[in-house]
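The values are calculated or read from the model by the stated rules, or taken from the named source; none is laboratory data. All of these numbers come straight from a predicted model, not from anything done at the bench. Methodologically, a virtual Cβ is constructed for each residue, glycine included, from the backbone with ideal geometry; neighbour enumeration extends over all protein chains shown. The area values use the complete protein model at the heavy-atom level, side chains included, leaving out ligands, DNA and RNA. Shrake-Rupley method; radii C 1.70, N 1.55, O 1.52, S 1.80 Å.
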Amino acid sequence: MQDKYNPEEIEMKWQKYWAERRLHKTPPTPPLNKGGQGGVEKFYCLEMFPYPSGKIHMGHVRNYAIGDVIARYKRMCGFNVLHPMGWDAFGLPAENAAIKHGVHPAKWTYENIEYMKKQLDRMGLSYDWDREVTTCSPEYYKWNQWFFLKLYEKGLAYKKASFVNWCPSCVTVLANEQVIDGKCWRCDSTVVQKELEQWFFKITHYAEELLQGCDELTGWPERVVAMQKNWIGKSEGVEVDFPINGTDEKLRIYTTRPDTLFGVTYMCIAPGHHLAEKLVGDKSKLEVVKAKYGKMEDKEGLFTGHYATNPLTDEKIPIYVANFVLMEYGTGAIMSVPAHDQRDFEFAEKYGLPIKVVIVSEDRSAVSSQQPAEQLKEAYEEEGVLINSGQFSGLKSADAKREIGKYIEEKGFGKRTLNYKLRDWGISRQRYWGTPIPIIYCDKCGVVPVPEKDLPVILPEDVKFTGKGGSPLLESEPFLRVKCPKCGGAARRETDTMDTFVDSSWYFVAYCLGKNKIAFNSHLKTPSSELNYWMPVDQYIGGIEHAVLHLLYSRFFTKGMRDLGIVNVGEPFKNLLTQGMVCKETWRCPEHDWLFPEEVKDGRCMRCGKEAEKGRVEKMSKSKKNVIDPDALIKKYGADTMRLFSLFAAPPERDLEWSDKGVEGAYRFLSKVWGIVYKYKGQETSIPIAYNLSPIASSLLRKTHQTIRKVTDDIEKDYHFNTAIAAFMELVNEMSSFNAETEEDRAALGFAVKSTLLMLAPFVPHFSEELWEVMGEATGEKSSIFEHQWPAWDEELAKEEEIELVVQVNGKLRAKILVPAGLSDDDAKQRALQEQRVKEMLDGKQIKKVVVVKGKLVNIVIG
RNA sequence: GCCGGAGUGGCGGAAUUGGUAGACGCAAGGGACUUAAAAUCCCUCGGGUCUCUGACCUGUACGAGUUCGAGUCUCGUCUCCGGCACCA
């Protein structure tokens, strides 16, 4: 080899070596002991799998570099590591490519996978490809269908009509997350609410458990847990029945403010409420309100002409239909208390409805009981003391909530209940490139599930992509026409496919089983040994954008799988690391908008010469022209440098600002290490280290042990790779100025180099392998550096002999003195008082107190 | 509005249970080597003042407080970022 660092050559060499030796293969699952534990401790390291969009981007690079360091580190620490990768391969972009370029989604997807897989390997990532998962393959999506059937059996998958986000231009339903500011993410058309029949998964069945489980997620970032809790949105309140005058019907409402029940002056029901049709005479007017459902900006109401009775006051209350009342939350009907709810207040003003004050703040209760309601400028939403509330007047809100709740239950007016914002998961998609929903519609038998033995329902490939909207499956006669499994008569298949979030809700379980080995059985008493051993995921790493959706769905699925006896854990991801975005500065021209950095010269747009404006540092995106192509970067600097920089520039959870100069710095660091190794290679460095070392050698030895301790701590604590790398740099700086003269010196340096290479290995694997070989360590059985143990430090050798004692006077730094470590407090105090600077300051002053912090400082307090 | 998170040099970022603010890197400036450049190596690098080989003052968004001592703890204020947002 040569003494100049040439990344491309060595990276190819070692990638080939790893592949040939199958070094990243998952260790076989050990047989279960009685306690259910295998012999060796396992570690399941998982990164969110990518959508095969065509090429890897910097976000992936960062995500996978982090995961790879953890996986390789854990292997070196002796864990059985599972580190798999796969493809979230169903999705709309493939279908769009088909419409636009005439390529079949399957071809497009598999070609992208092939290319991206090469890119991942080129990064030197240590995946066990034997466990690769591709969600668009029938072997995989068969089990989506199987889960669907299991949920259907349990009543946890069902079909209902509801309002959904509908894009009139794409002619399909959109998930909530695909609606951005009320517009379609794809074509920018305004999304409308449309009533449609859809398949749902009953995630609300697990609402309480999903909420309770949040407290177990101690290894998750707090904000993600907070977002999950927020999304589930539990509230406590009461349901109260208001009899509708002149009918036998009762209008049931839900409220979290039973303390304001005496202030109800009208009621509102959602346009989709089952009583709306009944109560409203003029259907065309109802349609107007319906059309504005979900458009929350302007409140639209319609008086039904009917009244209800407040069971607590016997007051006559008008009933309205209102567009802002949600059908999906609570009972779809509300009581309106304009004095104490801003929305109700605004609605009351618009329609001239009365306002009745029943709560006042504690300190002015006496005065404001007389205050006329007309003087209110806005609702008083705080809690306070009740007035005008019969026998409950004078109670504080908190007490009143409890007492009124009891009273309502005693009198049979209603009951105390819990409510959740979480809604059932609508999984139907009017798209082609997804899992067919295994349902058959028969005119005689109705909705018939596809029998388990007939799975998978294969997605037909021979279809036409018109781009006119609507699923191509609607046009596929062979797919559509089917015999009813029950009666054998002519029947029709469901043409909707599943939301792709279904695919990613259990892929982490599929990895435990391996390629072509995915199979579940709901009749087993205990989970398979693989699933028992590997689940849960010990470390999950991915972007924050999935804080709610994917992570919530996966938690739901895990609970479902647990109840089917497939896994024995209730939570899928023990620890979660949400890595920050990869950002870069942007450039803008007043005329040509976003510019590539190459289009800017001396701060001016090269096309028109106008002054280019340096924009904000933004997330890398094609549209903002601030992306860095990983391929080009690898070509120039190698994968190791790219990995090292992305781990060094910021702690993993924070946003990372890309810096070309910083990349060069990372490359420089590696070249420096390379140079040191080549300078000393061939020299005997493995002789035992003697006790009588020269001062420089003993200092280097100490620094080495300190570095091992620091790096191990940084990785173990919070995966703070940036400070770990800084520690490498410090050690390397000391190594590079080290002049070995004696054999002992060389031994100390050899130890430092070897320790450094072992620690660098998870970060820059090819580089470390190569230098390990150059050092002559790659011999015998353990020819790979990754077959060696992570280095251990010796606490004794890491100890400093001398420390710098800080001397303060009145808390201000006045002197620093070198003292032997382990100096007694008294001696430290004496040494401090003898210091020249201190003597000067003490002149004629009284010493009030002396504070000694062992091994750190002495603070002398004077008057 | 509600819930999170964050404010430290020119920049990215470090700072155990409160104990030397600015590790490490980048940029910048100066020097060495060189015919020259690149690369490499060495030095300086928060701001300010002075009697300038040194010393002092000041400094972690802002204002108070606790403490011998606060980037770190407490209270209040401001700004920025993210999420949710008529959820009754």
Below 26 Å, Cα to Cα, which lysines can residue A:377 reach? Residues fewer than 8 away in the same chain don't count. A:295, A:299, A:316, A:350, A:356, A:396, A:401
Hits among lysines - C-alpha to C-alpha of residue A:849 under 18 Å, sequence gap 8 or more where chains match: A:812, A:829, A:839
On a 0 to 90° scale, report how tilted helix A:765-774 is relative to the longest principal axis of chain A, with both axes built from alpha carbons and the result rounded to the nearest 10. 20 degrees
Chain A, relative contact order in percent, only Cα pairs under 8 angstrom and at least six apart counted: 13 percent
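In whole angstrom, how long is each semi-axis of the equivalent ellipsoid of region A:373-507, when you take the square root of 5 times every eigenvalue of its Cα gyration tensor and sort them from largest down? Provide the component values of the computation, followed by the final result.
Values: eigenvalues 620, 85, 41 Å².
With the √(5λ) rule applied to region A:373-507, the semi-axes are 56, 21, 14 Å.
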Set of aspartates and glutamates near residue A:845 by C-alpha distance (under 18 Å), chain-local residues within fewer than 8 positions excluded: A:835
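Using only alpha carbons, build the gyration tensor for chain A and give me the equivalent ellipsoid semi-axes, biggest first, whole Å. Working shown, then result.
On the way: eigenvalues 692, 338, 148 Å².
Over the Cα atoms of chain A, the semi-axes work out to 59, 41, 27 Å.
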Surface share of carbon and sulfur [accessible, 1.4 angstrom probe, percent] for chain A: 49 percent
Report Rg (one decimal) and Dmax (nearest whole number) for region A:643-798, counting Cα atoms only, units Å. 15.5, 48
So how do A:569, A:853 rank on accessible area, 1.4 Å probe, biggest first, that is with the largest at the start? A:853, A:569
Evaluated at q = 0.15, 0.17, 0.22, 0.23 Å⁻¹: base-10 log I(q)/I(0), Debye formula over Cα of region A:42-127: -0.59, -0.71, -0.99, -1.05
At 1.4 Å probe radius, can you tell me the per residue accessible area of region A:723-787 in Å²? 32 Å²
Mind ranking A:745-752, A:513-520 by how tightly packed they are, going by the mean number of other C-beta atoms within 10 angstrom, highest first? A:745-752, A:513-520
Could you tell me which of the pairs A:42/A:681; A:250/A:411; A:117/A:614 are separated by over 26 angstrom between their Cα atoms in the structure shown? A:42/A:681; A:117/A:614
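Counting only Cα atoms, I'd like the Rg/Rh figure for region A:234-420, Kirkwood definition for Rh. All intermediate terms of the calculation are to be shown ahead of the outcome.
Working: Rg = 16.0 Å, Rh = 16.7 Å.
Using only Cα positions, Rg/Rh for region A:234-420 is 0.96.
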Taking the alpha-carbon centroid of each part, what is the distance from region A:534-556 to region A:271-338 in angstrom? 39 Å
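Just to confirm the filter: which GluC sites (Glu not before Pro) across region A:575-604 are DSSP coil and have at most 12 other Cβ within 10 angstrom of their Cβ? Mind showing how you got there, number by number?
Numbers: sites: A:585, A:591, A:598, A:599; in loops: A:591.
Here the sparse-neighbourhood loop sites are A:591.
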Interatomic Cα distance distribution for region A:84-220, bins of 10 angstrom, percent: 10, 22, 34, 28, 6
Taking K and R as +1 and D and E as -1, what net charge do the other residues with C-beta under 12 Å from the C-beta of residue A:694 add up to? -3
Defining a contact as two alpha carbons under 8 Å apart and six or more residues distant in sequence, what relative contact order in percent does region A:643-798 show? 32 percent
Which number comes out as Rg/Rh for region A:469-596 once both Rg and the Kirkwood Rh are worked out on C-alpha atoms? 1.16
Taking 2.2 N^0.38 Å as the expected size of a compact globular protein, what ratio does the Cα radius of gyration of region A:802-862 give against it, to two decimals? 1.00
With every protein chain left in place, what is the accessible area per residue of region A:100-211 in square angstrom, probe 1.4 Å? 43 Å²
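Which entries in the list A:703/A:782; A:107/A:636; A:202/A:234; A:194/A:285; A:515/A:574; A:142/A:444 go over 21 Å, if you measure between the two C-alpha atoms of each?
Where the Cα-Cα span goes over 21 Å, the pairs concerned are A:703/A:782; A:107/A:636; A:515/A:574; A:142/A:444.
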Give the separation of the Cα centroids, region A:720-770 to region A:586-621, in Å. 42 Å
Projected onto the charge dipole of chain A (unit charges on the beta-carbon of Lys, Arg, Asp and Glu, signs +1, +1, -1, -1), the Cα from A:17, A:649, A:550 with the largest positive-side position is that of A:550
Just to confirm my numbers, what's the Cα centroid distance between region A:198-263 and region A:657-683 in Å? 57 Å
What trypsin sites (Lys or Arg not before Pro) does region A:198-307 have in DSSP loop regions with at most 16 other beta carbons within 10 Å? A:295
Just want the answer: with Cβ charges of +1 for Lys and Arg and -1 for Asp and Glu, which residue in A:275, A:701, A:728 is farthest toward the dipole's positive end in chain A? A:275
